[in-house]
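Quick notes on the structure that follows.
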Amino acid sequence: MADQLAKIYKRIEVTCPARSADIVTMACHEMGTLGIEENVAPKRRVRIVAYFDRGTNVAQLKKKIERITPGYTQIEFAILEEPRGLDTWLEEFNRRQVPVEIGSRFLVSPVESVRSEARIVLVVPAERAFGTGTHVTTRQCMEAIETLVRPGHTVLDLGTGTGILAMAAARLGASRVDAVDRDQEAVEIARGNVARNELGRTVRVIHGDITAAPHPPYDLIAANLLADAIVGLVPDMVAILRRSGSLVLSGILKGPQATRVVRSLQQNGIWQISRVREGEWVTLVGDRRNPSATRSPRDIPRDPNH
Ligand code: SAH
């Protein structure tokens, strides 16, 4: 059938050292992966399977992955005709996923049937957008958000993906959350998740960039993008941040990237900077207030080099 013939995807399978898994999945997300799965492989390796639209330049992606994981990576390509379609694959993937606990407050589940007395349940199935809680940067942002959002706060989630951070803020009592994404497909997915989690009264999902943020100033702005994008956006974020507000910035690799973001925060008057690092990834929390007001025990202040 014609619509089935149209369903041709490219699949790339990458086997690489476990410590490189995050940068490989991030590279796949940057290239617009439609779905990604990570499994443990022998010898402390992982096997990452990612699907792409037929138009994606996977050769370019391959070069990039070889560059970031020098010497150790085995990459296979396949061009698939999937009679059952990618959506079936995503459904099966969601059925196999287990709910994950994040921070001390959240339980993120791919399916709606999960209940918890102790934790706030967010239903976020794996779809064609980034942010299901499985990536360390999303987790770090959620952990920061749970220490910062107070009832009545207004929040901007810049680059919302699935909407996960926006929904977390809403469930912590934020009175209004604006979730912005420049990718129309992410916007649709985030809207679906907001409806699924019955948060439509608090969270508004908007297609656009930071200039589309409709209700400045904000008590909290979260941006889990990449370091280069963040550096360019810091002045605009600070301009729409309430004086007592906080920035939560992630998608930043430790080392020079973190240093650049810290410098740009300081140049824009954000002097209280705390950081959380896990593996390669750093999340920075910046504000203008007394640092004891926002620091969580795991934070290490003002040392961008680790
Ligand atoms: N907030 C989610 C998703 C992060 S992925 C999480 O923490 O898991 C980053 C998202 O930001 C993508 O959906 C991408 O489309 C969007 N994005 C990247 N740069 C952007 C920009 N300058 N303005 C708006 N959205 C942006």
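The values are calculated or read from the model by the stated rules, or taken from the named source; none is laboratory data. What you see is a predicted model; the values in this text were computed from it and never measured. In this analysis, Cβ positions are derived from the backbone assuming ideal geometry, glycine residues included, and neighbour counts consider all displayed protein chains. Side chains included, ligands, DNA and RNA excluded: accessible areas come from the protein's heavy atoms. Shrake-Rupley method; radii C 1.70, N 1.55, O 1.52, S 1.80 Å.
Computed from Cα positions, the angle between helix 184-196 and the longest principal axis of the chain comes to roughly 70 degrees. Taking all protein chains together and rolling a 1.4 Å probe, R150 ends up with roughly 110 Å² accessible.
Quick one: pull the percent of accessible area on the chain belonging to carbon and sulfur, 1.4 Å probe, ligands and nucleic acids left out.
49
Accessible area per residue (1.4 Å probe, heavy atoms of protein chains only) ranks D228, D219, D236 as D228, D236, D219, with the largest value leading.
Ignoring ligands, DNA and RNA, how do H29, H207, H135 rank by accessible area with a 1.4 Å probe, largest first? Walk me through the intermediate numbers first.
Values: H29 55, H207 90, H135 15 Å².
Ranking H29, H207, H135 by accessible area, largest first, yields H207, H29, H135.
Note on T134: accessible area approximately 90 square angstrom, rounded to 10, probe 1.4 Å, nucleic acids and ligands left out. Among the lysines, select those whose C-alpha is under 30 Å from the C-alpha of K43, and discard any that sit fewer than 8 residues away in the same chain. List returned: K10, K62, K63, K64, K254. Note on the chain: with charges restricted to the Cβ of Lys and Arg (+1) and Asp and Glu (-1), its dipole about the Cα centre is near 920 debye. Using protein chains only and a probe of 1.4 angstrom, how many square angstrom of E185 are accessible, to the nearest 10? Per-residue accessible area (E185): approximately 70 Å². Overall size of the chain from C-alpha positions, given as principal axis extents largest first: 58, 43, 37 Å. A 1.4 Å probe run over the protein chains yields, for the chain, 47 Å² of accessible area per residue, whole-number rounding. Compute the separation of the alpha-carbon centres of the range 189-253 and the range 50-64 and state it in Å as a whole number. Computed from Cα coordinates, the inter-centre distance equals 28 Å.
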